[in-house]
Amino acid sequence: MTDAADAGAVLAPQPDAVFDRGGLDALVRVLKQRGHTLIGPTVRDGAIVLAELESADELPYGWGVELEAGRYRLHRRRDGAAFAHSAGPQSWKPFLHPERVRQWTADRGRGGGTVVREERHPGVSYAFLGVRPCDLRAIRILDRVMSGGRYRDPAYLSRRTGAFLITVECTEPGATCFCVSMGTGPAADTGYDLALTEVVDDAGHRFLCRGGSEEGAAVLAEIPHRSADDRTRSTAADAVGAAAEHMGRAMPPVDLRTLMRDNLEAERWDDVTARCLSCGNCTMVCPTCFCTTTEDITDLSGDHAERWRRWDSCYDLDFSLLHGGPVRTTPRSRYRQWLTHKLGTWHDQFDSSGCVGCGRCIVWCPTGIDLTEEAHALHQEATRRESAP
């Protein structure tokens with residue numbers, strides 16, 4: 001079982017296994033019997049969303065997605081694959097770092113005193129089925145943010161500790177995917193309990209599986225499987241390799257941290273923010289954006305009050321509000337803050353990029369702003385400036 005404390009721990013090499021759709025059904029049953037709340041992809045409201053599953057039958061068998069900047073559509077597939085779709089509107093973040101969390105309550109007593117009660121966060125034993133390698137990396141980034149360093153978040157830890165992670169390697173990247181540029185996929189490296197690669201060919205529909213933790217190996221031992229054959233191994237490896245060669249997007253082949261740092265006054269910021277609505281959609285769907293604010297509420301009597309933490313966005317005007325007014329008053333300054341932090345100064349805080357290449361911010365931007373396009377444009381502007389006489 002991988003958790004925030006030991007994410008990235010590697011199990012000694014285990015023999016690869018193969019199981020069919022019946023084995024996937026058994027996997028779901030075993031996880032539920034072990035007391036896990038199972039979360040996985042399913043079709044709902046015209047999208048593939050993440051939700052609690054009761055059985056493997058709820059997985060999106062035979063569904064794929066068509067992605068582009070500002071566009072998301074489902075389409076029917078012919079092969080019946082369960083995981084041949086790209087990132088949907090949700091990441092796993094809402095389950096680990098919910099949109100709203102109550103922090104404390106306060107009640108005025110009859111004698112005039114006030115009793116304040118800190119909110120307790122009961123643990124949830126999650127099992128995540130279908131975590132893409134990019135999202136697996138995003139969870140590891142959130143681990144560093146929410147449970148590393150001096151400020152450990154108890155609400156996050158109550159959900160993250162003991163979570164069972166089943167990653168599914170990507171074999172069909174979407175038009176907005178660029179995980180190769182960020183070094184986060186399409187193959188899974190570490191931090192999972194089980195890793196699956198879905199294979200559908202004339203030999204049948206099956207899943208190549210390898211264990212990544214002791215609990216992962218124990219769960220695999222409880223479901224019907226067979227030793228992996230050479231054909232399944234090679235077919236799976238070829239499919240993942242082909243996915244790496246067919247990314248829909250790519251970042252410019254430069255040091256993005258330096259690119260962001262050295263181009264804070266580029267003209268391109270005016271171009272992109274002429275299209276930006278400052279709606280914050282990109283921060284809401286991003287699997288690593290973690291910013292929050294607090295709000296206090298009270299009942300009509302004034303005898304009961306609560307403090308809630310909720311998601312916030314650096315696109316909100318009040319996000320940088322200090323005494324005397326907000327620091328970032330223009331859409332230009334707010335978009336620049338988001339992109340330069342995500343690709344640049346995140347390294348200074350957490351020793352990695354804040355972007356995992358999932359492409360959600362591109363798909364769910366209402367005006368279709370593409371951060372890879374913006375990075376290329378900044379690079380091109382910098383190159384022209386450097387080459388000018």
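A few comments on the model shown:
- In the range 135-214, chymotrypsin sites (Phe, Trp or Tyr not before Pro) in a DSSP loop with at most 15 other beta-carbon atoms within 10 Å: Y151
- If R0 equals 30 Å, the separation of the Cβ atoms of A250 and D271 corresponds to a calculated FRET efficiency of about 0.90.
- Each DSSP beta bridge with both residues in the chain is either parallel or antiparallel, and the antiparallel ones are about 80%.
- Rounded percent of accessible protein surface that carbon and sulfur make up, the chain, 1.4 Å probe: 50 percent
- Scaled radius of gyration (Cα, divided by 2.2 N^0.38 Å) that the range 161-263 gives: 1.31
- Modelled FRET efficiency - R0 30 Å, C279 with A106, Cβ distances, 0.05 increments: 0.35
- Once the Cβ-Cβ distance of H205 and E99 is raised to the sixth power relative to R0 = 35 Å, the FRET efficiency obtained is 0.45.
- Rounded accessible area per residue of the chain, 1.4 Å, Å²: 46 Å²
- Cα-Cα P(r), the chain, percent of pairs per 10 Å interval: 5, 21, 30, 24, 14, 6, 1, 0
The values are calculated or read from the model by the stated rules, or taken from the named source; none is laboratory data. Keep in mind that this is a model prediction, so the values were computed, not measured. Cβ sites come from the backbone with ideal geometry, for glycine too, and all protein chains shown count toward neighbours. Just so you know, the surface numbers come from the protein's heavy atoms only, side chains and all, with ligands and any DNA or RNA stripped out. Shrake-Rupley method; radii C 1.70, N 1.55, O 1.52, S 1.80 Å.
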